[in-house]
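Comments concern the structure below.
The values are calculated or read from the model by the stated rules, or taken from the named source; none is laboratory data. What you are looking at is a predicted structure, and each value in this text was computed from that prediction instead of being measured. Glycine also receives a Cβ, built like all others from the backbone with ideal geometry; neighbour counts cover every protein chain displayed.
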Amino acid sequence: MKLEYNVSGTIGTNVYLIAARDADGTDRYLLVDPADDLEATRRFLAGRVPALIVCTHRHLDHVTSVGALVEEFGCPVAAHVADAAVICARQDDNMLGIRGYVVPKTVDRLLVDGDAIEVGDCRLEVIHTPGHTPGGICLYDEVDGILISGDTLFAQSTGRTDFEEGSDADMHASIRRLAQLPDATKVYPGHGPSTTIGDERWWMERY
């Protein structure tokens, strides 16, 4: 698969676009975490139509553009079952002050731990990693050794757990689980630079 990313939105969210190839040679695209700058995401797509939008968690800096993109492209949306209802609800009382966005009418695919997302020749395993939110997920491509980690794992840190829906105990368990992945696994987080499991292992196993 081919992975591209664009940084946009109020607090610099990494928006990922995965290109995969169908058996007939057609390119298909999976969009992960469209941030709260719709026009930036449109420019990033550059005419490429996502076959699926995946949300790694419920927070507005990762989902605000989903509704408008669904209306524009007619593509389905996937998210963990524990975060889906919030993604489809108004969240006007938010710390980022985001207003005026389109709420998706539904999450079409409710994900759980161990599910596989398949687009073209790309297969991503869903790893449920609660802690930042109850329905936080990571997407793991074992073949290419790639982890899209949302707001669970960053370079040298984790996502915050001090929100009302956060859980420090859950985050500890999630980080310990991700530490079991191979050292060479390339980590692409929701914010900040990419890293590898090997570079983070020194603190993950002690977290």
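Considering region 62-77, and only residues there that are more than 16 Å from the chain's Cα centre (by Cα) and either on the phi > 0 side of the Ramachandran plot or among the β-branched types (Val, Ile, Thr) (or both), the residue that is surrounded by the fewest Cβ atoms within 10 Å (Cβ to Cβ) turns out to be 74.
Of 120, 114, all but one fail to be in contact with a strand residue (DSSP E or B) (Cβ under 9 Å, 6 or more places away or on another chain), at positive phi and in contact (Cβ under 8 Å) with a residue 40 or more places away in the chain; the exception is 120. Residue 83 meets all of the listed conditions (1) at pLDDT 95 or above; (2) in contact with a Lys or Arg (Cβ under 7 Å, 6 or more places away or on another chain); (3) under 21 Å from residue 6 (Cβ atoms) but one, namely (3). Counting only residues that are free of Cβ contacts under 8 Å to residues at least 12 places away in the same chain and over 18 Å from residue 41 (Cα atoms), region 67-84 holds 0 of them. Looking only at residues that are touching a Lys or Arg at 6+ places or on another chain (Cβ under 9 Å) and of a type in the set (A, V, I, L, M) in region 120-153, which one is farthest from residue 170 (Cα to Cα)? So, considering only residues that are touching a Lys or Arg at 6+ places or on another chain (Cβ under 9 Å) and of a type in the set (A, V, I, L, M), the one farthest from residue 170 (Cα to Cα) is 143.
So which of 169, 173, 184 is among the hydrophobic types (A, V, I, L, M, F, W, C), more than 22 Å from residue 134 (Cα to Cα) and either part of a helix (DSSP H, G or I) or touching a residue at least 12 places away in the same chain (Cβ under 8 Å) (or both)? None of the others qualify; the one that does is 184. Among the criteria (1) surrounded by 15 or more Cβ atoms within 10 Å (Cβ to Cβ); (2) modelled with pLDDT of 95 or more; (3) not in a strand (DSSP E or B), the one residue 39 does not fulfil is (1).
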